[in-house]
Amino acid sequence: MAKKYKFCIYIGRFQPFHLGHLETVKLALEKAEQLIIILGSHMVAPNIKNPWSSQEREQQIRSALADHIEQIHFLPIRDRLYSDNLWLTEVQQKVLSITEGSKSVAVIGHRKDSSSYYLDMFPQWDYIETGNYYGFNSTEIRKEYFEDQESTEYTSKVLPTISKALLDFRAKERYRELCDEYVFIQEYQKAWSKAPYPPIFVTTDAVVVQSGHVLVVRRKASPGCGLIALPGGFLDQNETLIDGMLRELKEETRLKVPLPVLRGSIVDSHVFDNPGRSLRGRTITHAYFIQLKAGELPSVKGNDDAEKAWWMSLGDLYAHEDKIYEDHFQIIQHFVSKV
Ligand code: NAD
């Protein structure tokens, strides 16, 4: 029987791909000749919300859908936390490269909560609402998986091939690191749960650039232990944003440039406030762009919360996007794309 659509698009993080996702894929393949699976949050550094890379997720899903694989396309797409339009542009461009302008396209999904708002952003395509299958969700599966290293409850919610991949992942160092991060986040949130209102944290970050290099640190502790980050941190009670930013910059990198020169080299600033930008809780950061004059790169040395500080060439930074903490890559992009 002829199918209603030529293409069906299924957007998700699939962290991990569970039986509810599988039911959606089955329905999509009943309705359309080909299925385009968009693997969202491409190149995000591993964390307890996004433990598996796009490559790992694609492998897991391929193993689960082996019988239909010739009908399925995978499109990894980066998040653009500060521009849905940029995100939509990439979705549209990559989808077009497969559909070649066909009008016979539908998006399939389930409006589960406010995080599903993106499903309303495709007026050019039909929409198929699936409803909720089994009440499963990936957040619960990850919770069991990281909370109890022995638990096997997740195995009843995913296909055996994915269950095996998750079991194999438990043998990796990354699994242990993520378990530590899970405990850290739980304890952090528990400590703040006694506050009369959910807290909103204020941080600052310094984007110091000189001659095509940006000053970065390697994080010494959870969350994001070992990841590359901007020097920055929480604002103290009695300091201004700029003072806080300069204090953290000096503490973490020992940058050998006098404070008045740093102050005089601030050329831009911006607030980064995506509600999901930090797993610790709602955190608004004020980032300052410090452009230093061309010349020999000033000496730096990791200190305090930073295991290491160094000047990273922008080319190298772009090549290590999936090792960069939270939205710091997008923060750097914001400033360096302007000058
Ligand atoms: P997900 O894996 O949680 O869910 C994927 C889809 O499956 C959703 O439609 C969800 O409702 C559905 N689903 C989940 N459990 C189900 C069940 N039991 N039964 C039926 N359906 C079920 O993925 P997600 O987090 O919704 O993925 C969205 C992606 O799009 C993310 O990567 C996000 O970052 C990205 N995005 C990016 C931007 C931006 O960067 N500006 C904007 C919007 C979305």
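A compact table of results
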read-out	value
Residues residue 124 and residue 202, FRET efficiency given R0 of 41 Å [Cβ-Cβ distance, rounded to 0.05]	0.55
Computed lengthening from residue 33 to residue 293, 0.36 nm per intervening residue step minus Cα-Cα distance	87.9 nm
Extension gain, residue 191 back to residue 269 (0.36 nm per residue minus Cα-Cα distance, nm)	24.9 nm
Relative packing of 92-103, 201-212, which averages over residues the other C-beta atoms within 10 Å, highest first	201-212, 92-103
Residue 3 long-range amide H proximity, modeled H, under 5 Å	none
Cα-based shape type of the stretch 62-213, given that a ≥ b ≥ c are square roots of the gyration tensor eigenvalues and the cut on a/c is 1.5	oblate
Entries in 190/250; 112/194; 143/190 that, when Cα-Cα distance is taken, lie over 23 Å	190/250; 112/194
Percent antiparallel among DSSP beta bridges (both partners in the stretch 200-339, rounded to 5)	65
Contour excess over end-to-end distance, with Cα ends at residue 150 and residue 113 and 0.36 nm allotted per residue	10.3 nm
Relative contact order (%) - criterion: Cα under 8 Å, at least six apart; region: the chain	17
Cα gyration tensor, the chain - rounded (a/c under 1.5), prolate or oblate	prolate
Shape category assigned to the stretch 13-134 from the gyration tensor of Cα positions, a/c cut at 1.5	rounded
Structure-based [θ]222 nm, the chain - -39500 (n - 2.57) summed over DSSP H runs of at least 4, per residue, nearest 500	-10500 deg cm²/dmol
Highest average packing first - 40-46, 333-339, Cβ atoms within 10 Å	40-46, 333-339
³J(HN,Hα), Karplus 6.51/-1.76/1.60, whole Hz, each residue of the stretch 53-62, x for Gly, Pro	6, 4, 4, 5, 5, 4, 4, 4, 5, 4
Karplus-derived HN-Hα couplings along the stretch 149-155 (A = 6.51, B = -1.76, C = 1.60, θ = phi - 60°), whole Hz, x at Gly and Pro	5, 9, 4, 10, 4, 4, 4
Debye intensity ratio in log₁₀ form over the Cα atoms of the stretch 189-238, taken at each q of 0.14 Å⁻¹	-0.54
Gap separating the Cα centres of the stretch 106-124 and the stretch 2-24, nearest whole Å	13
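FYI, it's all coordinate maths here, none of it is from the lab. All of these numbers come straight from a predicted model, not from anything done at the bench. Reconstructed Cβ throughout: ideal geometry from the backbone, glycine too, with neighbour counts over all protein chains shown.
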